[in-house]
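These notes concern the structure reproduced below.
The values are calculated or read from the model by the stated rules, or taken from the named source; none is laboratory data. Being a predicted model, the structure only gives us computed values, none of them experimental. Cβ placement follows ideal geometry from the backbone for every residue including glycine, while neighbour counts extend to all protein chains displayed. The protein model used for the area step is the full one, side chains on, heavy atoms only, and it has no ligands, DNA or RNA in it. Shrake-Rupley method; radii C 1.70, N 1.55, O 1.52, S 1.80 Å.
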Amino acid sequence: MSTTSKVLKKLYYVLGEKSEGITVSDFWDYLFEDKELAKELIYDGQRREGIVVGLQTRIKKGGKSVEGIKIIKNADGKNVFILNNNNLSYLTSVTEKYLKEATKIKLEVKDYTFTKGEQTIINKFEKALKELENTNASLEKLASKIEEQKIIKSSEKEVDEGESSKLDDSKVEKLE
């Protein structure tokens, strides 16, 4: 198996574990955790950047060998690999991280008293955060429901394929 194939296999694996996706730099760290693969990723003491860059290019062009993976830019402008079928899960995890930060901060300014109009703005923002939190929870439930439906459909498809092959076998037996 080529090094690129091994790296792609690792990418699918890590994306299955991380619904929030993984940045390119974090993916490199992950790759180097595998000591055998790490040996293949170094040439003349330098990281073989072209392997991951090549995968990114294939993903952006929509190559068949990289189906189901997408690259997006996060809030920091970094490329993030995500599974294509996991946009809702990605969005909810990013929103959850934002909400954890945003709700920790108390909206106040030392040595300043808000006017009534300014306090209204602060109150609207706090209300919007709470609504976002509730909506995000609903979106998470929806993402889970969709994943469950996909699993059910794929298992039904496997059963149908198994039954159709049994039917085909029985037809063959009748013909003999």
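A few remarks follow.
- Residues of the stretch 36-48 satisfying the condition of being out of contact with any strand residue (DSSP E or B) (no Cβ under 8 Å at 6 or more places or on another chain) and either within 17 Å of K9 (Cα to Cα) or of a type in the set (V, I, T) (or both): E36, L37, A38, K39, E40, I42
- The single residue among V7, V52, V14, V66 that is out of contact with any strand residue (DSSP E or B) (no Cβ under 6 Å at 6 or more places or on another chain), open to solvent by less than 30 Å² (accessible area, probe 1.4 Å), closer than 29 Å to L139 by Cα and among the β-branched types (V, I, T) turns out to be V66.
- Complete set of residues in the stretch 71-107 that are open to solvent by 80 Å² or more (accessible area, probe 1.4 Å), assigned to a helix (DSSP H, G or I) and under 17 Å from L132 (Cα atoms): L91, K97, Y98, K100, E101, K104
- Whichever residue in the stretch 17-30 is acidic (D, E) and closer than 17 Å to G77 by Cβ and, among such residues, is surrounded by the fewest Cβ atoms within 10 Å (Cβ to Cβ): D26
- Answer residue from the stretch 31-49, given it is surrounded by 15 or more Cβ atoms within 10 Å (Cβ to Cβ) and aliphatic (A, V, I, L, M) and is nearest to S93 (Cα to Cα) among those: L31
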